[in-house]
Amino acid sequence: MEKVAVKFLFLLVFSVFIGYPYIGNTQDSAAPAESGENTPLESSTGTGRSPESGSDSSSSDNTETSVSETEATEPKDQNNESAQNATIDELAKEQKEQDDPSTVRISKLKIKGAKAITKQQIEQSIGTDFPSFRFWVKKPVFDEEVLKDDMIRIQRLYASNGYYDTKATYELKYNKDNNRVEIKINIVEGEPVKLAELLVDFKGELSDKIRKEIFKAIPLKADTIFSPRGYEQSKGVIAEILANNGYPKAQIDGEALVNRRGKWARAEFTVDPGLIYTFGKISVSGNDTVKSYIVEREREFKTGEIYSLKKLNETQANIFQLGLFRSVVIDPVFSDEDQVANIEVVVKERKHGSVKIGGGFGTEDKLRGQLIWTQRNFFGGGRRLEVAGKFSFITQRVETSLIQPYIAGKNSELSGTLNFQRDDVPSFTGRSFLSSVRMQKNFKNYYSTFGSLNLQFSNIEDSATRTPLERSQENVFLTFINMGFERDTTDNLLNPTRGTVISTGLESSFTALASDVNYLKGTVELRGYKKLRNIVFAKKFTIGVIQPFGETGTFDIPIFKRFFAGGSTSMRGFPFQELGPLDDNNDPLGGNSLLVGSFEVRYPLYGDFGGVTFLDYGNVYTREWEFDLGDIRYAPGVGLRYDTIIGPVRFDVGYALNPEPRIRRVQFWISIGQAF
């Protein structure tokens, strides 16, 4: 009832201020014919863009049907008013049904026989709502007329994917009070239509490279299932490839002949690439306080290069990601005489100052929050000033950063940071001041490298110790250099399903630079993700070594620089930081060698819920290069995921197969984002 009320209120506001009808369910066209001989599908000329829609109407045998692209026209005002009144009446009726206790509701909805099309696709295409597994959510109202129409929708969905003879029926089972119904949808998919022949006729001159790229990329392939959807997508793919190779005004004609009885089809495309264009001049307008060169340097093309729609889109994304504008519009102006595309960039600036507030919860740090103030284009040049405060039960930090972009060309930045931090973790309690200068460069989409010079002063108030010398190390001063390289091909930052990550880091500290200790610290981390159907296989392996040298010994490495493991992101069968050496009070000591890994299987459960089964392994060793494989610890477990717009909410249970004495075997973890 609340949802209906919200819809009703939204409709009224939308109708008054917009003056355009709210349209709920659009009328569906007729179901595909059950049989037929050769049915040609003629499509109109394309203009370098993939068509957005097309309808497929069918009739009896030997009847030809044309499919053409037409431009939608705005309905008359009288029709608008009728649509508004009709929709308001429908919502009022819906609200009345929600309040009526005798209304029949759907208790269960099953789909049987769906193989070529996923159940999720079917759910998105029909009008009948699936009941929620959440017990506090009201079951949806049952409307048999809508369900009847859903059978036609399902048949059309299959037809658009090449299954023209699919049959969809339903069965109903009521409870004894006749106020709950179980629905079973039975689907007989039938045999699909196969593409017997595909012809592409190129007019004009096109390089063999472009032709091969087109044949490789188009979805339609001979001896595979033919579908109207794939046919339309193929035209769009051809237009896109040509637009990315200097032909933005290409014309693509197409025709497909479908024999539904013989289960075969033929498709033909005629491609006229038209004139080839190069990039011309670029102009920027709409900028007030931001200099034009800051916008122009983000372009992915040079004057005189072959025109590419892809490079225009990348340029638009680069400009928008500067964070200086609330809108970025790029218009190419074509000169047929010169075969040049001059680029006009129109921007609207945003407020350069902003405040971001965030919060969260995790098993390790309990409640956490952050407050970040950002000033963009600080004294011009596109530079950025940030002041951030981040607080949790284990760490409190105040940090000021000044970032200068484009320090070494595109995708590079130089940053200076001042950081005051207090830590209260199982291994130690202390305060630190850190000053660093860092340069980072990203290149070729997947690669990044960085280097930094750091000065750190730390006061250790309490820590796990092994020797009297460690207990006397209350104040530590370090001068260290960090360098790193990363290759990341994953498809998502918070919830990757494909790709790999290779990350390496090297940290060095020298007494010659006034540091208290000498050491080299190296780490290598490998991650991989592979998706098979709806199941994601993920793995991670990390190895690290701290090598002291000179007068610095194994036990002289400051505790906040040692390796630790155990917690929500590594060895989930062990408490936070408590994998490896412990002191007499069971406080973690950390170590100079690290070897940990994980293997996960991630799978969907229901709706936005997913499950995880994992195996973590590894250990932390006191001495450098001390990798005793016989001392590896293992922790299998299971987890639950709930997808949100900020990433999956994660609940994991880990079980330590061979823990240290006094370590509880079962650990519970709650956090946001995948474990890796």
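The values are calculated or read from the model by the stated rules, or taken from the named source; none is laboratory data. All of these numbers come straight from a predicted model, not from anything done at the bench. Cβ placement follows ideal geometry from the backbone for every residue including glycine, while neighbour counts extend to all protein chains displayed. Heavy atoms of the whole protein, side chains included, go into the accessibility calculation; ligands, DNA and RNA do not. Shrake-Rupley method; radii C 1.70, N 1.55, O 1.52, S 1.80 Å.
Between D338 and F361, what's the calculated FRET efficiency when r is the beta-carbon distance and R0 is 51 Å? Round to 0.05.
So, using R0 = 51 Å, E works out to roughly 0.25.
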Suppose the chain between D129 and E144 were pulled fully straight at 0.36 nm per residue; how much longer would it get relative to their current alpha carbon spacing? 4.2 nm
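For the pair N178 and F537, what calculated FRET efficiency results from E = 1/(1 + (r/R0)^6), where r is the Cβ-Cβ distance and R0 = 35 Å, to the nearest 0.05? Working shown, then result.
On the way: r = 47 Å, r/R0 = 1.35.
In this case the efficiency is close to 0.15.
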FRET efficiency (L520, A388; Cβ distance; R0 41 Å; to 0.05) is 0.85
With label points set 7 Å from each Cα along the Cα-to-Cβ direction at T103 and E474, the distance between them in nm comes to 7.1 nm
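What translational D, rounded to a whole number of µm²/s, comes out for segment 528-618 from Stokes-Einstein when the hydrodynamic radius is the Kirkwood one over Cα pairs, at 20 °C and 1.002 mPa s?
Working: Rh = 15.3 Å.
It comes out at roughly 140 µm²/s.
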Using only the Cα atoms of segment 333-373, construct the convex hull and provide its projected area averaged over every direction, in square nanometres to one decimal. 6.1 nm²
When ligands, DNA and RNA are left out and all protein chains stay put, how many square angstrom of accessible area per residue does segment 531-676 have with a 1.4 Å probe? 45 Å²
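Which of the residue pairs K138/K184; K263/K310; K302/K441 have a Cα-Cα distance greater than 30 Å in the structure shown?
Details: K138/K184 20 Å; K263/K310 38 Å; K302/K441 21 Å.
Long pairs (Cα-Cα over 30 Å): K263/K310.
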Can you pull the percent of segment 254-348's accessible area that's carbon plus sulfur, 1.4 Å probe, other chains left in place? 47 percent
Tell me, what ³J(HN,Hα) does each residue in segment 293-309 have, in order and in whole Hz, if you take phi through Karplus 6.51 cos²θ - 1.76 cosθ + 1.60 with θ = phi - 60° and put x for Gly and Pro? 5, 5, 6, 5, 6, 8, 6, 9, 9, 10, 4, x, 6, 4, 4, 8, 5
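Over segment 368-412, give the accessible area per residue in Å² for a 1.4 Å probe, as an integer. Each step should come with its number before you reach the end.
Numbers: 2300 Å² over 45 residues.
The answer is 51 Å² per residue.
Which value, to two decimals, describes the C-alpha radius of gyration of segment 276-341 once divided by 2.2 N^0.38 Å? Walk me through the intermediate numbers first.
On the way: Rg = 12.2 Å, N = 66, 2.2 N^0.38 = 10.8 Å.
With N residues counted in segment 276-341, Rg over 2.2 N^0.38 Å equals 1.13.
If you add up the charges near S285, with Lys and Arg at +1 and Asp and Glu at -1, over every other residue whose beta carbon is less than 11 angstrom from its beta carbon, what do you get?
Details: positive: K348; negative: D288, D331, E344.
Net charge around S285: -2.
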